[in-house]
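First the structure, in the form of structure tokens, and then the observations on it.
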Amino acid sequence: MTAPLNQSTGRRKRAVARVRFRNGTGKITVNKRDVANYFPSETHRMILTEPLRITGTNEVYDVDATIIGGGASGQAGALRHAIARGLVELDPDLRNDLKRAGFLTRDAREKESKKYGLKKARKAPQYSKR
């Protein structure tokens, strides 16, 4: 296996994606599995390949990703973030297109933590006046 051109990290919710780029044919591998096998949902595959499609680098780089934490949606978003950041490191001219599409901004929305005395973050037990 050839040495990676660069590596980058992306985050979304609780998911963290580490990505390595290699010169190749556009093959995407996630946790040593094919992307279609790891993300059966067409929507998630579309989300994570958006930076490659916008920049026209679908078939230029092989992407090898390691993802930990989160669910399927968060992992797809983390992978999209990591791929976009890696493409900017490889070619700084792509930054404007990716920034305009909003792929370089980390989506900071997280699950709100549960508070004591409540059932969930904001849901309170039923109030009874009598």
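The values are calculated or read from the model by the stated rules, or taken from the named source; none is laboratory data. Keep in mind that what you see is a predicted model, and the values were worked out from it rather than measured. Because the Cβ atoms are built from the backbone with ideal geometry, glycine has one as well, and the counts that use them run over all protein chains shown.
Residue-level check: of (1) under 27 Å from ARG109 (Cα atoms); (2) β-branched (Val, Ile, Thr); (3) touching a residue at least 24 places away in the same chain (Cβ under 8 Å), VAL35 misses just (3). For the range 65-87, indicate whether the set of residues that are in a helix (DSSP H, G or I), within 22 Å of ARG11 (Cβ to Cβ) and either more than 13 Å from the chain's Cα centre (by Cα) or among the acidic types (Asp, Glu) (or both) is non-empty. Yes, there is a match, as at least one residue in the range 65-87 is in a helix (DSSP H, G or I), within 22 Å of ARG11 (Cβ to Cβ) and either more than 13 Å from the chain's Cα centre (by Cα) or among the acidic types (Asp, Glu) (or both). Close contacts from the range 101-130, counting a first residue that is free of Cβ contacts under 8 Å to residues at least 12 places away in the same chain and closer than 30 Å to ARG85 by Cα and a second that is aliphatic (A, V, I, L, M) and assigned to a loop (DSSP other than H, G, I, E, B), with Cβ to Cβ under 8 Å and a gap of 6+ residues or different chains, come to GLU112/ALA121; SER113/ALA121.
Please determine whether any residue of the range 98-107 is in contact with a Gly (Cβ under 9 Å, 6 or more places away or on another chain), not aromatic (Phe, Trp, Tyr) and not in a loop (DSSP other than H, G, I, E, B). No; the residues of the range 98-107 include none that is in contact with a Gly (Cβ under 9 Å, 6 or more places away or on another chain), not aromatic (Phe, Trp, Tyr) and not in a loop (DSSP other than H, G, I, E, B). Answer yes or no: is there a residue in the range 113-121 that is modelled with pLDDT of 95 or more and either closer than 28 Å to ALA3 by Cα or of a type in the set (A, V, I, L, M) (or both). Checked against the condition, which is being modelled with pLDDT of 95 or more and either closer than 28 Å to ALA3 by Cα or of a type in the set (A, V, I, L, M) (or both), the range 113-121 yields at least one hit. Candidates are the residues of the range 36-56 that are within 21 Å of LEU94 (Cβ to Cβ) and among the hydrophobic types (A, V, I, L, M, F, W, C); the one that is surrounded by the most Cβ atoms within 10 Å (Cβ to Cβ) is LEU48.
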